[in-house]
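Inspection log for the structure reproduced underneath, given as structure tokens.
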Amino acid sequence: SASSSPVALPPFFMRGSIIQLADGELKRVEDLKTEDFIQSAEISSELKIDSSTVERIDNGQSPNAVVIQFSVGELKAQVCVEVLVEYPFFVFGQGWSSCCPDRTTQLFELSCAKLCVGDVCVSLTLRGMR
Amino acid sequence: NVEPRSVPVFPWHSLVPFLAPTQSD
């Protein structure tokens, strides 16, 4: 069947959404910079930033989904996530990127680059994990 | 009286995927 039930993506990716950084500063989602994530994580007692490199991008279970395989952190742990093609990730030094930037822009009015194998995304882990 | 609409504020970490490496103890 060609029908697909659209899964609602989180509202905070919509252009204009107000994001609070760890120091209390408010920014619009489209104005976030790599430093904002790094500095917020530095303040956080629980979370730390990890670099997650895109290793593979495969088709997901539904036509609108992709399975992205990341290599996470210094240990290069392999982690797979299945997301909708329009789901944006924040790439270090580049900003918001998704597998289908046109769709992300259409749905969220959020300017996006194309997420590619080799891109290094901002991700989080818990501090204290060894 | 018209109450002002409150604008939702989202925490920064909600935008970042939580990718926990598999642990081996």
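The values are calculated or read from the model by the stated rules, or taken from the named source; none is laboratory data. Everything numeric in this text was worked out from a predicted model, so none of it was measured. For neighbour counting, all protein chains shown are included, and Cβ atoms are generated from backbone atoms with ideal geometry for every residue, glycine included.
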(request) Only residues that are free of Cβ contacts under 8 Å to residues at least 60 places away in the same chain, of a type in the set (Lys, Arg) and either over 16 Å from A:Phe13 (Cβ atoms) or in contact with a helix residue (DSSP H, G or I) (Cβ under 9 Å, 6 or more places away or on another chain) (or both): list them for the range A:87-130, please. (result) A:Lys114, A:Arg130
(request) Could you list all residues from the range A:52-64 that are at pLDDT 95 or above and either surrounded by 13 or more Cβ atoms within 10 Å (Cβ to Cβ) or within 22 Å of A:Leu126 (Cα to Cα) (or both)? (result) A:Ser52, A:Thr53, A:Val54, A:Glu55, A:Arg56, A:Ile57
(message) If I filter the range A:11-47 down to residues being more than 7 Å from chain B (Cβ to nearest Cβ) and hydroxyl-bearing (Ser, Thr, Tyr), which single residue comes out as surrounded by the fewest Cβ atoms within 10 Å (Cβ to Cβ)?
(response) A:Ser45
(request) Identify the single condition in (1) over 16 Å from B:Ser14 (Cβ atoms); (2) within 11 Å of chain B (Cβ to nearest Cβ); (3) in contact with a helix residue (DSSP H, G or I) (Cβ under 9 Å, 6 or more places away or on another chain) that A:Phe70 does not satisfy, given that it satisfies every other one. (result) (3)
(message) Which count do you get for residues in the range A:69-89 that are surrounded by 18 or more Cβ atoms within 10 Å (Cβ to Cβ) and either among the charged types (D, E, K, R) or under 13 Å from the mean Cα position of the chain (by Cα) (or both)?
(response) 8
